[in-house]
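The values are calculated or read from the model by the stated rules, or taken from the named source; none is laboratory data. Keep in mind it's a predicted model, so treat the numbers as computed, not measured. Cβ placement follows ideal geometry from the backbone for every residue including glycine, while neighbour counts extend to all protein chains displayed.
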Amino acid sequence: MKTNPSISTDHTIITSSMAMACRVQFSLHNSLRLFSSSSSSPIIHPSLKSQRVSFRNPNYGAFYCTCAAAEPFVVTTPLYYVNSPPHMGSAYTTIAADAVARYQRLLGKKVIFITGTDEHGEKISTSAAAIGSSPSEHCDFISQAYKALWTELGISYDKFIRTTDPNHEVIVKEFYSKVLASGDIYRADYEGLYCVNCEEYKDEKELLENNCCPMHLKPCVHRKEDNYFFALSKYQKRLEQILAENPDFVQPSYRLNEVQGWVKSGLKDFSISRASVSWGIPVPNDPKQTIYVWFDALLGYISALSEDKQQPNLQTAISFGWPASLHLIGKDILRFHAVYWPAMLMSAGVSLPKKVFGHGFLTKDGLKMGKSLGNTLEPTDLVNRFGADAVRYFFLKEVEFGNDGDYSEDRFINIINANLANTIGNLLNRTLGLLRKNCQSTIAIDSTIAAEQNAFKGTVENLVEKARHHYENLELSSACETVLEIGNAGNVYINQKAPWSLFKQGESGFETASKDLVNVLEATRIMAIAISPVTPSLALRIYTQLGYSEDQFYAVTWSDTRWGGLKHGHITAQPQPVFARIELETELNDDDTIETKKVSKKKEKHKTQKVVEA
Ligand SMILES: [Zn+2]
């Protein structure tokens, strides 16, 4: 989706911009589907049944019944605008959405995880022309770059919608006709200052000196067009009421305040067609105009639900899973999702999404990222150097979800080494080492019996329940922190019990020591499930080390976080580090100081990851 500051030269990163159902089935993707426990008969822990989040659906005058026996959990990322390749901001939103989708699958829900690319608009045709390419070639290329990055990051999306998909166009036109039939579209002359980067007319009072757009810092151009307008102002009262009655509709709460402020200050009708833009979906009955890119792109959330084999139409698409459970977006496109979109849906008589969550922006070393500063963070580069688990974990744990967050390489490496390599990886590795040496890698006793009258079990159970609560509330950072606390507790436990010395005492210490090992390994098993939404590959490696097959791992549900999984006689695998520490090789230059600084700074980009044993 079109958006924000990040697309222009000075991007801030996160964002989101926004629109074919994806037929790509990588083997990874397939395995992720298996991970969804919907394939097996899911067992929901009794405590989960009673604590499902309930929500008053702000559904006004919907024509369609969208109730289904098993309502799917539909989570969306923005449809990313294809004027430039994916950046860390889009990767961040998508990683977060993936963690949410994976958590919901663990609960046994049917999940539809939607992402995609927004491919229309003046900016796209300009970007394509600038590199001597046609708009459609350009869109194919960038859209593919998104898919490739999602594969590298282990993103388990179910649907990848492109707004140039013919099925999407059919649904946009149908939706437009419904809004027209509601009497909410009228034709008017419009004259004003237009920001091509925002693709919208600006209010003169919000502009900077020389009529510069405050987001893009480029002068707006004077334009006069005869356009079609959407009567947003008609929905002011209803929006006010929805926001007041459904405080969870926009989250976090400070973003709800912002949205309420906008609505209260008065809603103006907005233009939903462009006479000057040819790269877009033609307005029904007036092919000289195209539909405004935002009006088009937002509908990707619904058209994505269409099944390939079906003749596309709005009602069928809706029947496959609308309303969305959660739109995850960057804060820069909040107005479109929390004001324009609900009004458009009400006008067409379609239910509103259940929740819009606007996260913050990312900075690097405390600075806003931008091409001009030369400090952008390339997600592909990060994944190539550190691996998907590390990238996913760092951003989800270190950025409080909703707020702005910062990346620095030192911090990244410290956190990853301390948490994933040491606290989790090393705990597992040394415990398995002891089990191998003293018990032939065999679990000597059921973990339930091993933990009798042992406070450690209770500690782990409390932490798992806490982690579940955090996931449920989209507190992803706290969820990571809580899972890590299980690792910390495991390390404290094993250091205090010192089973290695008990084993040395011969038979007298053997039983106690082997129980201790089982307790720690049971905790790592539970930890693997609880962290799997964030670091799926690491979780699989832990499970494999514990002696389970991949199929067993992909069949786990959240209910398997209950204590008691490891049974007497179970054999664990040969211990191998599950997470390699990151070690940087810094290359130094012997030339004069200034040169050295330059070179070493430049070389920072080429530091290599050296794998050493944890
Ligand atoms: Zn602008």
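Brief remarks follow.
- The set of residues from the stretch 204-256 being within 13 Å of the ligand (Cβ to nearest atom) and assigned to a loop (DSSP other than H, G, I, E, B) comprises LEU207, LEU208, CYS213, PRO214, MET215, HIS216, LEU217, LYS218, CYS220.
- Test result for LYS264, of a type in the set (Lys, Arg), within 16 Å of the ligand (Cβ to nearest atom) and closer than 22 Å to ASP332 by Cα: no
- Residue check for TYR190: outside any loop (DSSP other than H, G, I, E, B), hydroxyl-bearing (Ser, Thr, Tyr) and within 16 Å of the ligand (Cβ to nearest atom): no
- Checked against (1) under 21 Å from PHE295 (Cβ atoms); (2) surrounded by fewer than 24 Cβ atoms within 10 Å (Cβ to Cβ), TYR81 meets all criteria but (2).
- Note on the stretch 276-321: residues that are assigned to a loop (DSSP other than H, G, I, E, B), in contact with a helix residue (DSSP H, G or I) (Cβ under 6 Å, 6 or more places away or on another chain) and among the hydrophobic types (A, V, I, L, M, F, W, C) total 5.
- All of (1) away from the ligand (no atom under 16 Å from the Cβ); (2) under 24 Å from ASP404 (Cβ atoms) hold for ASN197 with one exception: (1).
- Checking each residue in the stretch 179-189 for being surrounded by 18 or more Cβ atoms within 10 Å (Cβ to Cβ) and not hydrophobic (A, V, I, L, M, F, W, C) picks out only ASP184.
- Residue that is farthest from the chain's Cα centre (by Cα) [pool: residues in the stretch 331-355 that are in a loop (DSSP other than H, G, I, E, B) and not aliphatic (A, V, I, L, M)]: GLY349
- Considered as a group, the residues in the stretch 128-166 that are crowded, with 21+ Cβ neighbours inside 10 Å and polar (S, T, N, Q) include one that is nearest to the chain's Cα centre (by Cα), and that residue is SER156.
- Taken over the stretch 431-460, the residue count meeting the criterion of being surrounded by 17 or more Cβ atoms within 10 Å (Cβ to Cβ) and not β-branched (Val, Ile, Thr) is 13.
- Residue within the stretch 231-253 that is over 29 Å from the mean Cα position of the chain (by Cα), at pLDDT below 95 and surrounded by fewer than 19 Cβ atoms within 10 Å (Cβ to Cβ) present: no
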